[in-house]
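Working notes for the structure below.
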Amino acid sequence: MSDTPLRQIPFTDAAGDTRTLDDYGTGPVLVVNVASKCGLTPQYEQLEELQRRFGERGLTVVGFPCNQFFGQEPGSVDQILEFCSTTYGISFPINDKVKVNGRSAADLYKSLKETEDGHGKAGRVEWNFEKFLVAPDGSVRRFRPRQVPDDPEIVAAIEHALD
């Protein structure tokens, strides 16, 4: 693992440019691996609601399409962006596809997966729509896929990170 601070680990955005979480400002960032053909895809709606509710206060939701779970994100980046825009009105950034598990996992996810969830379990991303709240100080809270984005625990963590 590199010594690069989490918020400065480079990744590729949907346009093919190199970005870091710091590029989204100094506020908290909710990093989510997303997919358009997943049973949890309706979480896009709640993620967008979080972006609209807390965006002006500094939160940025950041989506990373992932096709590692039974081909749930098979399309091109352009198809993914169109789906997000037309189906859910997504205003938050969607980046290039990533792998979240295995040797070829994105560096950002290699670091994020070191974070334990609420049950003390770190390691592999379980499924699409796993959520990592990265606070301005670089600390991370991890929420598993079935915990919906507007769960009171997640909302409270966001509000705490915004204070």
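The values are calculated or read from the model by the stated rules, or taken from the named source; none is laboratory data. Because the structure is a prediction, the values reported are computed rather than measured. Backbone-built Cβ (ideal geometry, glycine too); neighbour counts: all protein chains shown.
So here's what we get for this one:
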{"quantity": "Criterion (farther than 12 Å from N33 by Cα and more than 12 Å from the chain's Cα centre (by Cα)) met by exactly one of E82, E73", "calculated": "E82"}
{"quantity": "Hits in region 21-34 - residues which are in contact with a Phe, Trp or Tyr (Cβ under 7 Å, 6 or more places away or on another chain) and either closer than 15 Å to E73 by Cα or part of a loop (DSSP other than H, G, I, E, B) (or both)", "calculated": "V32, N33, V34"}
{"quantity": "Region 115-135: number of residues that are of a type in the set (A, V, I, L, M) and loosely packed, with under 13 Cβ neighbours inside 10 Å", "calculated": "1"}
{"quantity": "Top-ranked residue in region 64-114 [being part of a strand (DSSP E or B) and out of contact with any Lys or Arg (no Cβ under 9 Å at 6 or more places or on another chain); ranked as surrounded by the most Cβ atoms within 10 Å (Cβ to Cβ)]", "calculated": "I94"}
{"quantity": "When residues of region 136-145 are limited to those that are under 13 Å from the mean Cα position of the chain (by Cα) and assigned to a loop (DSSP other than H, G, I, E, B), the one surrounded by the most Cβ atoms within 10 Å (Cβ to Cβ)", "calculated": "P145"}
{"quantity": "From the options V148, V125, V61, residue that is under 24 Å from D22 (Cβ atoms), within 14 Å of the chain's Cα centre (by Cα) and in a loop (DSSP other than H, G, I, E, B)", "calculated": "V125"}
{"quantity": "Any pair with Cβ under 6 angstrom, 6 or more apart, that starts in region 54-77 at a residue that is among the charged types (D, E, K, R) and ends at one that is in a strand (DSSP E or B) and at pLDDT 95 or above", "calculated": "E73/P65; E73/C66"}
{"quantity": "Hits in region 12-44 - residues which are hydrophobic (A, V, I, L, M, F, W, C) and crowded, with 20+ Cβ neighbours inside 10 Å", "calculated": "L21, V29, L30, V31, V32, V34, A35, C38"}
